[in-house]
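One structure below.
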Amino acid sequence: MGLFLAQLLTGLANAGALFMVASGLSLIFGVTRIVNFAHGSFYMLGAYVGYTLMQVLPGMVGFWGAILLAGIIVGLIGVIVEICVLRPVYSAPELFQLVATFGVILVIQDLTLMIWGAEDLLGPRAPGLKGVVRILDEPVPQYDLALIAITPFVAFALWYLISKTRVGILVRAATQDREMVGALGVNQSWLFTGVFFLGCALAGLGGAVQLPKGGADLLMDFNILTSVFVVVVIGGMGSLPGAYLAAVIISVLNVFGVSYMPQSTLVLMFVVMVVVLIFRPFGLFGKEEVAGEHGQVGEPERPIKPAGLRVRMLVLAGLVLLGLIPVLGSNFAEVLATDILIFCLFAASLHFMLGQGGLVSFGHAAFFGGGAYVAALLVTYADTPMELAMVLAPLGAGLAAVVIGWVCLRSTGVYFAMLTLAFAQLLWSLVFQWGDITGGDDGLVNIWPSAWASSNTVFFYLALVICVGGILLLRHAAHSPFGYALRAARDSARQAEAMGIHTKRIQWVAFAFAGAMAGIAGGLFVFSKGSVFPNELEIARSFDALIVVFLGGVKTLSGGWVGGASFEAVKDYLTRFEYWRLALGLLIIGVVILAPEGIVGSLRKLGERIGFLNAAEDKR
Amino acid sequence: MSAVLTVEHLSRAFGAIKAVDDVSFSLEQGELLALIGPNGAGKSTCFNMLMGQLKPTGGLVRLNGEKITGLAPRQIWRKGVGRTFQITATYSSMTVVENVQMSLISHHRRIYSMLPYAHRLYRARALALLDTVGMADQADRHCAVLAYGDLKRLELAVALAHEPKLLLMDEPTAGMAPRERIALMQLTADIVRDQGVSCLFTEHDMDVVFAHAHRIMVLNRGQLIANGTVDEIRNNPQVQEVYLGGGMLFNPADGPAGTPERETGHA
Amino acid sequence: MLELSNVNAFYGKAHVLNDLSFEVGRGKVVALLGRNGAGKTTTMKSIMQMVQPRGGSVSYQGQNITGWAPHRVAKAGLGYVPEERRIFTQLTVLENLEVGRQPPRDGCVTWSEEMLFELFPNLAERRGNRGKALSGGEQQMLTIARTLMGNPALVLLDEPSEGIAPVIVEQMARVILQLKQEGLTVLLSEQNLHFAQAVADSVVIIESGTQKFAGSLAALQAQPEIRDAYLSV
């Protein structure tokens, strides 16, 4: 009983920081419609800044002052990011901004590394609260009790600000229609900046307040990000009470999980989330999201048509050049080109679902990594030959997509995206924690191609044929009745349903199809590397694919693979430098600001201007 | 004449509010029937129940005698009901003709096909349908650049693609200019006459209603308060009070346009 | 009070407004008439600077407001009532009004919630209800009331009669006349000539973004060919 209570209290204490970060994310999303991937980074900054301040400021006042100051400083950093990075891209198509925030993650990672170094920092203990209190004979840290007491006050203050004050009313109004708020005389730029400050300050506060319990390290940003997403989704986007309740549920669950089911702590959180969303597709306190009809601009997507002769010749020429790599290039070039080809197919599969279907997945790595693991497991445990394993990989991934798609498609929009992320994380944690079968962190090794394909050159040609074939198949599917129906469901589900199209089913099929195509890429990947590790299922892998689809251009047919090829090539080059993340992050932010329609979209404009392509019809 | 659509005791409650309360009517083949009433009278709720977007809390809807209550919109569409929306719903990333082709592809149950090029399927038939509504010359334009009136006509062509027996049009002329309104309703009336389609529509423009409807029903606070010919409705005092008002907004049956009666109408 | 001179506006490459020039005199009700897609809403948005005009200028009380941010235009005393109503559906009626609140302005009526509820009695009963629970007519009233909370000197009403039952439209007409009595200036866009005739002092007719007529109602009546060509009632 005592142990139980103590654990409950620990969970409640942990919920404090999680709630602060999650409510900040929810607030920013509500008003700006930006899914701030960098929110974990602000949390991390809060911890580092707080640590430094605590070294300088003495005593109890200094400790709490440092926490507050850390929040304010991080909030101000958030303001800088908002003004410099996000303001130029508010008018870009929806969700494009998340690419910019991804760039911010990379920049902050390297800047933190530069300033504070790679070593983990141990947080100081709170002056005056270093001891423990015995509750039913169990020791409970005093600091935990302080956190439990403080969090409801923060939550109440936030709730009061949002529900009862004029600022809160304006914020809620802007959540729905920011342009209209502007037309009524409210300076919405500053409202946005203010909300960004508050959201980031909350994240920083969360980071600083957990210092005595957790310290500061460079992996904090991604580690908290998943939990925060889960909390926001379980609670319901935009709901403060929901965020608080969900933070408590998740934190308590984690504490109990560690004690009673140490093998499945990571999985537990996602299982809860899936269960909640099955019964309440918009979270415990969330409301159905109304797609923002106002304030989202950007050019309408153009009708698609099969490529003209010129473009086809260009592509053919490119393919011939690719085919000549083994003749002209080095062994290294072959391996690099194989990597790029595989990544391109992976990106193209996501692009099909996202571009044609409007289904934004944050967890597409589930099927890439899933396909890879299916092949690897088959080889390891059943001595399956490469040919068969490569056929079964997409089947396995496709099957997983059928199941996962069924659950995820019950929700829409950001909830859908978060659910896909949750399932990818679920698979990742399964693979990570089920070491007996999957090798856990050590991965599965010694998975080599059949003898005939074992040379780099042959495998390169194999990858070339499969990947180019896959990309062409995806492209043809977009032009087929299936692709059109998928686009119809995206453009106007109302009209599509009224013309006999089962929109959910068509999206489900598309989800499975995209999953299977990613599985093909995954199968190829295993045999090209000879091994597979859990990081192929990781959130970062999913984000890579998502980022390149946006960078390539969502509203184009070739955005996926073009983005994939450019990104992989640039990344391969940059990773030779020490601070490559900084460079890559800045590069991504630059592309986002300069080419909001993506690489292909911008190239197409250029092509039209110089007369290589036929110009689009002018709008009225 | 036989009834294409029969509605019996249709009701829908949202909590304690009865949005649609025991509504019964029928629609004959080849009839153009208008449903009018104040905002919030339950017209849209009624329409959404006929089309399957909303489940009734009571009552029955029959199409040619067959019960369709509780079916999904796509199932009702397959039974031969076409619809247009109050706020146009078209596929903005497609061309005009592709919008119609999409409906034909669905009608021929080929939406899961991955082999052919979609833009080559049923193009001739789609062009013929566009011709019916006078949009053939804009067939290959991008849907997103069309003027609003043209979108409305496109929607009508899309709704006609599967040769429906019944057309449901929710405020078909909303947001159009007076001349376009008359033209669109004239077109609808022609289609109803030539193809034997039946049509039920809601509308706020009384000029349109009075000029084309064969019969008018009036809904107020969820209840049908009148059902009759144009003249009967026009002269019904209850309808004048709850809906038509002093007649400032439409051409009266005789004499020039009136001025607003400052004393009448509810306050 | 408000003067447009050679205003041009584009969406992308498309030229949607072509050299619009007209004036709205203080205390007058001016109706902007034209077909759908003629550019009425764009004209309204160009005045509010929600669409930035390319070429030409908009001046308000002798001040050139071209290029200002919309919130600054609103603060200067222009109230905008959009066509699609755009009320905040998650907010209550009172909260919707709060969003519109601006400090009192010299020479203008200072509206309070109670005065607005007198003007729109239907809203008074609904003050605690969320916007989404209102009917179309009530939403239209709320948009106007919300804009009046900013104590504007000039109100831009974009298609106030669209999609509303005739009885409510008549109520709208009475409200506009009452606003005029209170000294407000009104520019409204309309397709319904009956409605415009009932409330407006003068009219501006546009077609495909080009001005075709500007003058008094009487002048328009005297030129039936213009009325028939562009309005066709």
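The values are calculated or read from the model by the stated rules, or taken from the named source; none is laboratory data. Bear in mind the structure is a predicted one, so any value in this text is a computation, not a measurement. Methodologically, a virtual Cβ is constructed for each residue, glycine included, from the backbone with ideal geometry; neighbour enumeration extends over all protein chains shown. Heavy atoms of the whole protein, side chains included, go into the accessibility calculation; ligands, DNA and RNA do not. Shrake-Rupley method; radii C 1.70, N 1.55, O 1.52, S 1.80 Å.
Table for the structure above
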| quantity | calculated |
| --- | --- |
| Residue tally, condition open to solvent by 30 Å² or more (accessible area, probe 1.4 Å), part of a helix (DSSP H, G or I) and either modelled with pLDDT of 90 or more or of a type in the set (Asp, Glu) (or both), over segment A:160-172 | 5 |
| Residues located in segment B:171-227, provided they are of a type in the set (A, V, I, L, M), away from chain C (no Cβ under 14 Å), within 17 Å of B:Ser44 (Cβ to Cβ) and surrounded by fewer than 24 Cβ atoms within 10 Å (Cβ to Cβ) | B:Met217, B:Leu224 |
| Where A:Gly560 falls short, out of the listed (1) out of contact with any His (no Cβ under 7 Å at 6 or more places or on another chain); (2) under 30 Å from A:Ala307 (Cβ atoms) | (1) |
| The lone exception for A:Arg410 - which of (1) in contact with a Pro (Cβ under 8 Å, 6 or more places away or on another chain); (2) buried (at least 24 other Cβ atoms within 10 Å of the Cβ) it fails | (2) |
| Candidates A:Arg576, A:Arg604, filtered to the one that is of a type outside the set (Asp, Glu) and without any contact (Cβ under 8 Å) to a residue 40 or more places away in the chain | A:Arg576 |
| All helices (runs of 4 or more DSSP H) inside segment A:491-600 with 1 or more residues being buried (at least 22 other Cβ atoms within 10 Å of the Cβ) and over 19 Å from the mean Cα position of the chain (by Cα) | A:493-497, A:503-529, A:559-574 |
| Test result for A:Thr175, more than 29 Å from C:Ala145 (Cβ to Cβ), assigned by TED's automatic domain parsing to the domain that holds A:Gly78 and of a type in the set (S, T, N, Q) | no |
| Segment A:48-66, subset aliphatic (A, V, I, L, M) and either open to solvent by less than 10 Å² (accessible area, probe 1.4 Å) or over 29 Å from the mean Cα position of the chain (by Cα) (or both), residue modelled with the lowest pLDDT | A:Met60 |
| Identity of the residue in segment B:118-142, within 11 Å of chain A (Cβ to nearest Cβ) and touching a residue at least 40 places away in the same chain (Cβ under 8 Å), that ends up farthest from A:Pro303 (Cα to Cα) | B:Gln138 |
| Of all residues making up segment A:199-221, the number that are part of a helix (DSSP H, G or I) and either within 14 Å of chain C (Cβ to nearest Cβ) or more than 22 Å from the chain's Cα centre (by Cα) (or both) | 7 |
| Odd one out for A:Asp383 among (1) in contact with a Phe, Trp or Tyr (Cβ under 8 Å, 6 or more places away or on another chain); (2) at positive phi | (1) |
| From C:Leu123, C:Leu157, C:Leu179, C:Leu184, residue being closer than 26 Å to B:Thr45 by Cβ, open to solvent by less than 10 Å² (accessible area, probe 1.4 Å) and modelled with pLDDT of 90 or more | C:Leu123 |
| Top-ranked residue of segment C:11-27 - restricted to ones that are within 12 Å of another protein chain (Cβ to nearest Cβ) and open to solvent by 60 Å² or more (accessible area, probe 1.4 Å), ranked as nearest to C:Asp201 (Cα to Cα) | C:His15 |
| Failed condition for B:Ser92, given (1) more than 8 Å from chain A (Cβ to nearest Cβ); (2) in contact with a helix residue (DSSP H, G or I) (Cβ under 8 Å, 6 or more places away or on another chain); (3) outside any helix (DSSP H, G or I) | (1) |
| Every residue from segment A:375-400 that is within 18 Å of A:Ala463 (Cβ to Cβ) and open to solvent by less than 40 Å² (accessible area, probe 1.4 Å) | A:Ala375, A:Ala376, A:Val379, A:Met386, A:Ala389, A:Met390, A:Ala393, A:Pro394, A:Ala397 |
| Elements of type helices (runs of 4 or more DSSP H) contained in segment A:407-479, each with 1 or more residues being within 21 Å of A:Cys344 (Cα to Cα) | A:413-433, A:456-479 |
| Pair list, Cβ < 8 Å and 6+ apart or interchain, from segment A:416-432 residues that are more than 20 Å from A:Gly357 (Cα to Cα) to residues that are hydroxyl-bearing (Ser, Thr, Tyr) and surrounded by 24 or more Cβ atoms within 10 Å (Cβ to Cβ) | A:Val431/A:Tyr373 |
| Within segment C:174-207, tally of residues that are under 26 Å from C:Leu94 (Cβ atoms) and within 12 Å of chain B (Cβ to nearest Cβ) | 4 |
| Enumeration of residues in segment A:299-354 that are aromatic (Phe, Trp, Tyr) and more than 14 Å from chain B (Cβ to nearest Cβ) | A:Phe332, A:Phe343, A:Phe346 |
| Hits in segment B:127-149 (condition: assigned to a helix (DSSP H, G or I) and farther than 18 Å from A:Asp491 by Cα) | B:Leu127, B:Ala128, B:Leu129, B:Leu130, B:Asp131, B:Thr132, B:Ala136, B:Asp137, B:Gln138, B:Gly149 |
| Conditions (1) farther than 30 Å from A:Asp110 by Cα; (2) open to solvent by less than 40 Å² (accessible area, probe 1.4 Å); (3) in contact (Cβ under 8 Å) with a residue 12 or more places away in the chain: number failed by A:Gly215 | (1) |
| Failed item, numbered, when B:Lys67 is tested on (1) within 14 Å of another protein chain (Cβ to nearest Cβ); (2) of a type in the set (D, E, K, R); (3) open to solvent by 20 Å² or more (accessible area, probe 1.4 Å) | (1) |
| Test for C:Phe88: is it in contact with an Asp or Glu (Cβ under 7 Å, 6 or more places away or on another chain), of a type in the set (Phe, Trp, Tyr) and touching a residue at least 12 places away in the same chain (Cβ under 8 Å) | yes |
| Number of the condition not met by B:Pro73 [criteria: (1) in contact with a Pro (Cβ under 6 Å, 6 or more places away or on another chain); (2) open to solvent by 10 Å² or more (accessible area, probe 1.4 Å); (3) of a type outside the set (Val, Ile, Thr)] | (1) |
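Residue-by-condition table, conditions (1) outside any loop (DSSP other than H, G, I, E, B); (2) at pLDDT below 80; (3) in contact with a Lys or Arg (Cβ under 9 Å, 6 or more places away or on another chain); (4) among the basic types (Lys, Arg):
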site: A:Phe285; (1), (2), (3), (4): no, no, no, no
site: A:Ala291; (1), (2), (3), (4): no, yes, no, no
site: A:Gly295; (1), (2), (3), (4): no, yes, yes, no
site: A:Glu299; (1), (2), (3), (4): no, yes, yes, no
site: A:Arg302; (1), (2), (3), (4): no, no, yes, yes
site: A:Ala307; (1), (2), (3), (4): no, no, yes, no
site: A:Val311; (1), (2), (3), (4): yes, no, no, no
site: A:Leu321; (1), (2), (3), (4): yes, no, no, no
site: A:Val327; (1), (2), (3), (4): yes, no, no, no
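Conditions (1) basic (Lys, Arg); (2) not in a helix (DSSP H, G or I), marked per residue:
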position: A:Gly71; (1), (2): no, no
position: A:Val74; (1), (2): no, no
position: A:Val79; (1), (2): no, no
position: A:Arg87; (1), (2): yes, no
position: A:Ser91; (1), (2): no, yes
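Table: residues versus (1) farther than 20 Å from C:Leu2 by Cα; (2) away from chain B (no Cβ under 13 Å).
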| position | (1), (2) |
| --- | --- |
| C:Ala124 | yes, no |
| C:Gly131 | yes, yes |
| C:Gly150 | no, yes |
| C:Ile168 | yes, no |
